[in-house]
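Trainee: Pasting a structure below so you can have a look.
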Amino acid sequence: MLPIAVLVSGSGSNLQAILDAIETDPDFGARVVLVLSDRPAVPALARAEAAGVPAAVVDWDEHHDRASFTTAVCDALAAAGAQLVVLAGFMRILAPEAVDRFAHRIVNIHPSLLPAFPGRHPVRDTLSHGARVSGVTIHVVDELVDHGPIIAQEAVDVLPDDTEATLHNRLHEVEHRLYPATIKAIAAGDITLEGLQT
Ligand code: GRF
């Protein structure tokens, strides 16, 4: 069983999809050893509690800088024994220490076809550019934001009357299928994270 940590900041619908997959699929091959949030009292923490998995808060507001925040996050991940770190709507950028300590073991999901539309508002940016195709990317995390070797990707058509909400809803549906499937494939050894190039 691959021990995974899931890092969250808000709703946690991707976390829920992972928890549900673990619950329903006896062959999933991974277990959640820690849900870590950078903010207290977010819905994702309630999801962790409901599922009976360990949860912790490393409060961004209690740290003076990104380096000390990152050290606290990495220490919590290491103490939990996480072998794979899954960013799922985690809205903080970790310092390079995280990539050093968890080399090739941090993955992220992003609601665009990277390298298009990185950053905080990918769905809004997709619409404002008039893109006809959007999608979901899962990638290995490196030192840059929304950057690193791509390990899974799925396209989603942009519809003429899409709003940010309607498009993000359809992207979320893909995320909730693609992220658990990708984590299962990593746990099974069908996807290897080492040695991938950007
Ligand atoms: C998802 O769209 C994910 O791709 C992005 O942030 C959103 C998180 O949603 N990084 P949720 O918290 O999992 O519901």
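Trainee: Restricting attention to the stretch 162-176, and to residues there that are under 19 Å from the mean Cα position of the chain (by Cα) and over 18 Å from Leu114 (Cβ atoms), which single residue is surrounded by the fewest Cβ atoms within 10 Å (Cβ to Cβ)?
Mentor: Asn169
Trainee: For the stretch 72-104, what are the residues that are within 16 Å of the ligand (Cβ to nearest atom) and open to solvent by 30 Å² or more (accessible area, probe 1.4 Å)?
Mentor: Gly89, Met91, Arg92, Ile93, Leu94
Trainee: Of everything in the stretch 116-135, what is surrounded by fewer than 18 Cβ atoms within 10 Å (Cβ to Cβ), without any contact (Cβ under 8 Å) to a residue 24 or more places away in the chain and part of a loop (DSSP other than H, G, I, E, B)? Give them in sequence order.
Mentor: Across the stretch 116-135, the qualifying residues are Ala116, His121, His129, Gly130.
Trainee: Looking at the stretch 61-73, I want the residues that are under 14 Å from Pro96 (Cβ atoms) and have a partner that is open to solvent by 40 Å² or more (accessible area, probe 1.4 Å) and assigned to a helix (DSSP H, G or I) with Cβ atoms under 8 Å, at least 6 apart or on another chain. Which pairs are those?
Mentor: Ala67/Glu97; Phe69/Trp60; Thr70/Glu97; Thr71/Glu97
Trainee: Moving to a separate point now. Does Arg124 count as among the basic types (Lys, Arg), modelled with pLDDT of 95 or more and within 16 Å of the ligand (Cβ to nearest atom)?
Mentor: On the way: among the basic types (Lys, Arg): yes; modelled with pLDDT of 95 or more: yes; within 16 Å of the ligand (Cβ to nearest atom): yes.
In short, yes.
Trainee: When residues of the stretch 64-98 are filtered for being over 28 Å from Arg177 (Cα atoms) and among the aromatic types (Phe, Trp, Tyr), how many remain?
Mentor: The number of residues fulfilling the criteria is 1.
Trainee: Still on this structure: Within the stretch 63-71, identify whether any single residue is more than 16 Å from the ligand (Cβ to nearest atom), modelled with pLDDT of 95 or more, open to solvent by less than 30 Å² (accessible area, probe 1.4 Å) and touching a His at 6+ places or on another chain (Cβ under 8 Å), and answer yes or no.
Mentor: yes
Trainee: How many of the residues in the stretch 136-161 are open to solvent by less than 50 Å² (accessible area, probe 1.4 Å), more than 15 Å from the ligand (Cβ to nearest atom) and touching a helix residue (DSSP H, G or I) at 6+ places or on another chain (Cβ under 8 Å)?
Mentor: So the answer is 2.
Trainee: Here is a further query. Name every residue in the stretch 22-44 that is under 14 Å from Lys184 (Cα atoms), of a type in the set (A, V, I, L, M, F, W, C) and open to solvent by 20 Å² or more (accessible area, probe 1.4 Å), in order of residue number. Break it down into steps so the answer makes sense when it comes.
Mentor: Residues of the stretch 22-44 under 14 Å from Lys184 (Cα atoms): 22-32.
Within this subset, residues satisfying the condition of being of a type in the set (A, V, I, L, M, F, W, C) are 22, 28, 30, 32.
Scanning the stretch 22-44 gives a single hit, Ile22.
Trainee: So in the stretch 11-21, with the set limited to residues that are within 12 Å of the ligand (Cβ to nearest atom) and open to solvent by 20 Å² or more (accessible area, probe 1.4 Å), which one is farthest from Ala188 (Cα to Cα)?
Mentor: So in the stretch 11-21, the residues within 12 Å of the ligand (Cβ to nearest atom) come out as 11-19.
Retained after the next criterion (residues that are open to solvent by 20 Å² or more (accessible area, probe 1.4 Å)): 11, 13, 16.
Working: Ser11: 28, Ser13: 23, Gln16: 21 Å.
Among them, the one singled out is Ser11.
The values are calculated or read from the model by the stated rules, or taken from the named source; none is laboratory data. These numbers were taken from a predicted model, which means no experiment stands behind them. Please note: Cβ atoms are built from the backbone with ideal geometry, for glycine as well, and neighbour counts cover all protein chains shown. Only protein heavy atoms, including side chains, enter the accessible area calculation; ligands, DNA and RNA are left aside. Shrake-Rupley method; radii C 1.70, N 1.55, O 1.52, S 1.80 Å.
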